[in-house]
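J.: I'd like to ask you about the structure that follows.
The values are calculated or read from the model by the stated rules, or taken from the named source; none is laboratory data. For clarity, every value in this text was computed on a predicted model and none was experimentally measured. FYI the Cβ positions are ideal-geometry reconstructions off the backbone, even for glycines, and counts take in every protein chain you see. In case anyone asks, the SASA skips ligands and DNA or RNA and just uses the protein heavy atoms, side chains included. Shrake-Rupley method; radii C 1.70, N 1.55, O 1.52, S 1.80 Å.
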Amino acid sequence: MSLSGKKILIAISGGIAAYKVHFLIRDFVKKGAEVQVIMTPDAEHFVTKLSISTLSKKPVYTEFYSDNGTWNSHVEMALWADVMVVAPCTANTLSKMVHGMCNNLVIATYMSAKCPVFIAPAMDLDMYVHPSTKKNLEQAESFGHIIIPAENGELASGLIGQGRMSEPGTIAKTVEDFFNSNIEKTLAGKTILITAGPTYEAIDPVRFIGNHSSGKMGFSLAEEASKRGAKVILISGPSSQVIDDKNVTLHKVTSAKEMLSKVFEFYDTIDIGIASAAVADYAPKEVAKEKIKKNDDNLTIELVKNPDILKTMGEKKTHQFLVGFALETQNEEENAKGKLAKKNLDMIVLNSLRDEGAGFKNDTNKIKIFTPTEKKEFNLKSKDDVAKDILDFVESQLLK
Ligand code: PMT
């Protein structure tokens with residue numbers, strides 16, 4: 001989740017585009033951000049606190065005081081936020097921001113904020129092109145705020161032109177790009193190949209042997225490596241994970257054999273290989289051409305060993321730094337260390353199905369890292385944070 005742990009303060013002002021903020025909040029929350037929403041009193045004419053708080057999972061504030069006599073501290077909210085997003089930002093709110101007209105909770109919070117501020121203006125055509133709006137936007141930009149310009153299209157008045165608030169996806173992407181650009185590019189110039197997800201080994205046209213890997217661990221690694229400036233080749237078995245990142249090239253495969261041949265298309269060109277895929281160790285010897293019919297009480301399928309992709313990578317290693325995973329259920333450390341040596345790896349990441357929240361499908365994982373001489377243990381964390389730990393460790397090894 002690309003916004004994992006980020007604190008986003010959204011300020012909604014009173015315009016018809018406020019309805020689009022539902023999608024923005026949902027997107028931010030889905031990507032792991034914590035979202036606090038405040039609204040101007042006028043915004044309540046366009047969206048309800050209930051719908052917004054349902055999506056943001058936090059109470060929504062419009063006033064300095066709540067009915068139960070508590071104080072909604074604009075200072076606390078402002079200092080809590082990593083970024084503030086004013087969307088939609090009406091001509092009225094923009095003008096108040098620029099001139100410091102502090103007569104509601106949104107403006108008081110804005111004026112207390114030290115974090116970067118994003119402004120998504122939305123207003124009717126003539127208001128948007130009015131010299132005073134232009135001047136206010138320029139002024140806001142000169143404060144260091146990031147303006148997400150309004151788009152062209154049909155406006156609530158029926159007029160056609162610029163003034164529509166930017167689409168939620170565009171606003172979310174601008175904020176995400178901002179967070180990513182602040183990350184130190186410690187892997188710039190490196191090419192990293194990551195395998196992810198399960199492999200499916202066909203039995204017949206409708207059935208396969210597979211496993212529970214979702215691909216989450218591998219996709220988190222790919223995202224984090226990209227944020228650090230690496231060129232990422234992500235080779236994934238069947239997975240519902242998606243990635244939209246210009247530094248990541250995704251290659252979809254199905255079986256272990258396909259994964260092997262895709263890996264070796266690139267192997268010579270990579271600096272680092274990370275094998276997080278759960279590759280099926282065996283595949284049916286024969287794949288039935290037609291669907292196998294239900295006849296006898298027992299059915300025997302002969303299995304043959306699949307190629308060990310990572311072992312082959314280890315055998316052919318010249319300059320590549322190789323990281324394996326070990327998914328264990330017993331004698332965990334011993335087995336992981338055995339794989340580290342047998343597959344000629346530089347490092348192995350152990351996760352055990354005996355640890356709650358670790359391994360397949362979960363959004364979390366709990367790992368131990370081994371090199372031939374070192375061991376480091378980590379707490380249960382989100383897979384995004386585990387990816388950070390793994391890449392921090394890889395970087396520390398590369399510096400040696
Ligand atoms: O995808 P998720 O739901 O997020 O789950 C993540 C995960 C649990 C799949 C991941 O963290 C993980 O542990 N991946 C490795 C799973 C596995 O197959 O482990 P293994 O101990 O069987 O294999 C050891 C290593 O050899 C792995 O790096 C594996 O990719 C590799 N291997 C194994 C067999 C094979 N034929 N070829 C291989 O390359």
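J.: Once a ≥ b ≥ c are taken as the square roots of the eigenvalues of the Cα gyration tensor of region 322-400, is the result rounded (a/c under 1.5), prolate (a/b larger than b/c) or oblate (a/b not larger than b/c)?
T.: Working: a/c = 2.13, a/b = 1.18, b/c = 1.81.
Taking the square roots of the gyration eigenvalues as a ≥ b ≥ c, region 322-400 is oblate.
J.: Rounded to the nearest 500, what is the 222 nm mean residue ellipticity of the chain from helices alone, with -39500 (n - 2.57) per DSSP H run of 4+ residues and division by all residues?
T.: Counting only the DSSP helices, I get -9500 deg cm²/dmol.
J.: Which of the residue pairs Lys58/Lys185; Lys6/Lys317; Lys30/Lys262; Lys6/Lys316; Lys6/Lys246; Lys57/Lys231 have a Cα-Cα distance greater than 29 Å in the structure shown? Working shown, then result.
T.: Values: Lys58/Lys185 34 Å; Lys6/Lys317 39 Å; Lys30/Lys262 31 Å; Lys6/Lys316 41 Å; Lys6/Lys246 22 Å; Lys57/Lys231 36 Å.
Beyond 29 Å between Cα atoms: Lys58/Lys185; Lys6/Lys317; Lys30/Lys262; Lys6/Lys316; Lys57/Lys231.
J.: Decide, for region 7-181, between rounded, prolate and oblate: order the square roots of the alpha carbon gyration tensor eigenvalues as a ≥ b ≥ c, take rounded if a/c falls under 1.5, and otherwise choose prolate if a/b is larger than b/c, else oblate.
T.: Rounded shape, in that the Cα axes give a/c under 1.5.
J.: Okay, next question. Full extension from Arg26 to Ala188: what is 0.36 nm times the residue separation minus their Cα-Cα distance, to one decimal in nm?
T.: Gain on extension, Arg26 to Ala188, equals 55.1 nm.
J.: Continuing with this model, one more query. With Cβ to Cβ distances under 13 Å as the rule, what net charge do the other residues near Gly237 carry (K, R +1; D, E -1)?
T.: Here the charged neighbours net out to +2.
J.: OK, next. How high is the relative contact order of region 7-181, given as a whole-number percent (alpha carbon pairs under 8 Å, six or more residues apart)?
T.: Over region 7-181, the number comes to 22 percent.
J.: Between Leu137, Asn72, Ile274, whose Cα lies farthest towards the positive end of the dipole of the chain when Lys and Arg beta carbons carry +1 and Asp and Glu beta carbons carry -1, centred on the Cα centre?
T.: Farthest along the dipole direction, towards plus: Ile274.
J.: Work through the residues other than Glu374 whose Cβ is under 12 Å from its Cβ and net out their charges, Lys, Arg +1 and Asp, Glu -1.
T.: Neighbour charge sum, excluding Glu374 itself: +3.
J.: OK, next. For region 7-181, give the magnitude of the charge dipole about the Cα centre (Cβ charges: +1 Lys/Arg, -1 Asp/Glu; no others), in debye to the nearest 20.
T.: Using only the charged Cβ atoms, the result is roughly 280 debye.
J.: Using a 1.4 angstrom probe with every protein chain in place, what is the largest-first accessible-area order of Cys102, Cys115, Cys89?
T.: Order by accessible area, largest first: Cys102, Cys115, Cys89.
J.: Sticking with this structure for a sec: If we sort 287-299, 192-204 on the protection proxy, mean other Cβ atoms within 10 Å, highest first, what's the order?
T.: Descending packing order for the listed peptides: 192-204, 287-299.
J.: For the chain, find the longest principal axis of its Cα atoms and tell me its angle to the long axis of helix 131-142, 0 to 90°, nearest 10.
T.: 50 degrees
J.: Another one. I'd like to know which of Ile183, Ala122, Gly359 lies farthest towards the positive end of the charge dipole of the chain, counting +1 on Cβ of Lys and Arg and -1 on Cβ of Asp and Glu.
T.: The residue sitting most towards the positive pole is Gly359.
J.: Express in whole angstrom the spacing between the alpha-carbon centres of region 50-104 and region 335-353.
T.: 50 Å
J.: Sum up the charges of everything whose Cβ sits under 13 Å from the Cβ of Asp27, counting Lys and Arg as +1 and Asp and Glu as -1, but leave Asp27 out.
T.: After counting each charged neighbour, the total is +3.
J.: Considering the options Ile147, Leu322, Leu94, tell which one lies farthest towards the positive end of the dipole of the chain, charges being +1 on Lys and Arg and -1 on Asp and Glu at the Cβ, about the Cα centre.
T.: Of the candidates, Leu322 comes out farthest on the positive side.
J.: Ranked from highest to lowest mean number of other Cβ atoms within 10 Å per residue, what is the order of the peptides 321-330, 11-20?
T.: With the highest mean Cβ count within 10 Å placed first, the list reads 11-20, 321-330.
J.: Mind jotting down the distance between the C-alpha centroids of region 252-289 and region 149-203, whole Å?
T.: Taking the Cα centre of region 252-289 as reference, the centre of region 149-203 is 29 Å away.
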